[in-house]
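**Student:** Here it is, the structure, as structure tokens.
The values are calculated or read from the model by the stated rules, or taken from the named source; none is laboratory data. Since we're looking at a predicted model, the values are computed, not measured. Here Cβ is always computed from backbone atoms with ideal geometry, including for glycine, and neighbour counts include all displayed protein chains.
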Amino acid sequence: MRMGLFDSLRGEFIDIVEWTDDSRDTIVWRFPRHDNEIKMGAKLVVRESQVAVFINEGRLADVFTPGTYTLETRNLPVLSTLKGWKYGFDSPFKAEVYFVNTRQFTDFKWGTKNPVLVRDPEFGAVRIRAFGAYAIRVVDPAALLRESAGTDAQFRTEEIETWLREKVIGAFAPAIASARIPVLDMAIHQDQIGRQLKSAISEQLAPLGLEVPSFTISNISLPKEVEEAIDKRASMGMIGDLGSYTQYQAANALEDAAQHGGGAADAMTLGAGMAMGNQMAANMAAQQQVQQQPPQAAAPPPLPTAPAWYLGIGGQQAGPFDVPTLQQKVAGGELTRETLAWKQGQAAWTPAGQIPELSGLFGMIPPPLPS
């Protein structure tokens, strides 16, 4: 009877405290003590990727990293102070023990619900979508218990997954804007953008005792109309080799016609199509060559030529003379108002004084007196 009583009392004391995690999504697990007391001298087993935290009456006490411990007052300094064990204590005690999983949780997905507006130097304002995956890890178990897990007996990833996704999406747009990467180059810079997002999100999660050790962008997609515009631009780049492409298509068509018994009309049609394709390719090549040539500066118009005058002097034709020479002849008296003059385009020889273009050469010289 007495042995049964002692066995019952001993059953109320816990002598091994440990956690063998058989799940993949539990971040914090509370040891099921219930009303039992932890035996002084009990074994505490903390496995790799675990941290054990002792809580006394809602206050955080001692923290144990991976290893095997014998629970005594000397390795429970904070708990001993909280309970007032000044001179040592060997009796069972009550305390809550939380095991915190410090491994990486890699099953978190993220994606933009709505397109994110970015400014691109080539396409202007563009809306993009993105999705990927990331991992989280506990780096400060005490902060996690204070700020997130609380007294939850089993704190799972699903309890913070939605909240974390919103954090990621909120940090995506600023990271894209600060990266200043054209949308056509984002695919080859996904790692750079992912590192920026990892740093930004880890900074936001630090007060909760969490960090983001890895962040992956699986895809960045553009709107359908932008993708179609890019495809058209790529197709235009192939026009320069349209002749070879047309010849290749025509050759394949001729081979198929021969194998299937095509007639002469088919061959003529294919030949006409091939000639038309070659002509189109030649025209496009000529247009491209003209467009590629640098514009030439317009040549100035030719200088105006002075009229050439012929004079009738002494019954003989003399000339041609320019206007300065005519002025000299006027000064020398060789050219008078009565001297006959002619230039190209004039109907007949006319006295110089009657030609408006030459009358001004005589200046103030009065005409001869009438007889």
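**Student:** On the given criteria, is I176 in contact with a helix residue (DSSP H, G or I) (Cβ under 6 Å, 6 or more places away or on another chain), at pLDDT below 85, more than 16 Å from T106 (Cα to Cα) and surrounded by 14 or more Cβ atoms within 10 Å (Cβ to Cβ)?
**Tutor:** So I176 does not fit the description; no.
**Student:** Name the single residue that is nearest to the chain's Cα centre (by Cα) among those in region 180-199 being among the aliphatic types (A, V, I, L, M) and surrounded by fewer than 16 Cβ atoms within 10 Å (Cβ to Cβ).
**Tutor:** Restricting to residues being among the aliphatic types (A, V, I, L, M) and surrounded by fewer than 16 Cβ atoms within 10 Å (Cβ to Cβ), the top hit is L184.
**Student:** Turning to a different aspect of this structure: What residue, among those in region 141-173 that are in a helix (DSSP H, G or I) and β-branched (V, I, T), is surrounded by the most Cβ atoms within 10 Å (Cβ to Cβ)?
**Tutor:** V168
**Student:** Here is a further query. Can D35 be described as at pLDDT 90 or above, under 23 Å from D90 (Cβ atoms) and not polar (S, T, N, Q)?
**Tutor:** It is false that D35 is at pLDDT 90 or above, under 23 Å from D90 (Cβ atoms) and not polar (S, T, N, Q).
**Student:** When you scan region 117-134, do you find a residue that is outside the structural domain of F54 (by TED's automatic domain parsing), under 30 Å from G67 (Cα atoms) and surrounded by fewer than 20 Cβ atoms within 10 Å (Cβ to Cβ), even just one?
**Tutor:** Looking through region 117-134, none of the residues is outside the structural domain of F54 (by TED's automatic domain parsing), under 30 Å from G67 (Cα atoms) and surrounded by fewer than 20 Cβ atoms within 10 Å (Cβ to Cβ).
**Student:** Pull up region 71-128, narrow it to residues that are in a loop (DSSP other than H, G, I, E, B) and of a type in the set (G, A, S), then point me to the one that is nearest to H34 (Cα to Cα).
**Tutor:** A95
**Student:** Failed condition for A61, given (1) surrounded by fewer than 20 Cβ atoms within 10 Å (Cβ to Cβ); (2) not assigned by TED's automatic domain parsing to the domain that holds L197, with all others met?
**Tutor:** Against the list (1) surrounded by fewer than 20 Cβ atoms within 10 Å (Cβ to Cβ); (2) not assigned by TED's automatic domain parsing to the domain that holds L197, A61 comes up short only on (1).
**Student:** Right, here's the next one. Pairs please, first residue from region 123-141 and more than 21 Å from N219 (Cβ to Cβ) and touching a residue at least 40 places away in the same chain (Cβ under 8 Å), second anywhere and part of a strand (DSSP E or B) and among the polar types (S, T, N, Q), Cβ atoms under 8 Å, 6+ apart in sequence or on different chains.
**Tutor:** As it stands, the answer is V138/N101, since those pairs meet every condition given.
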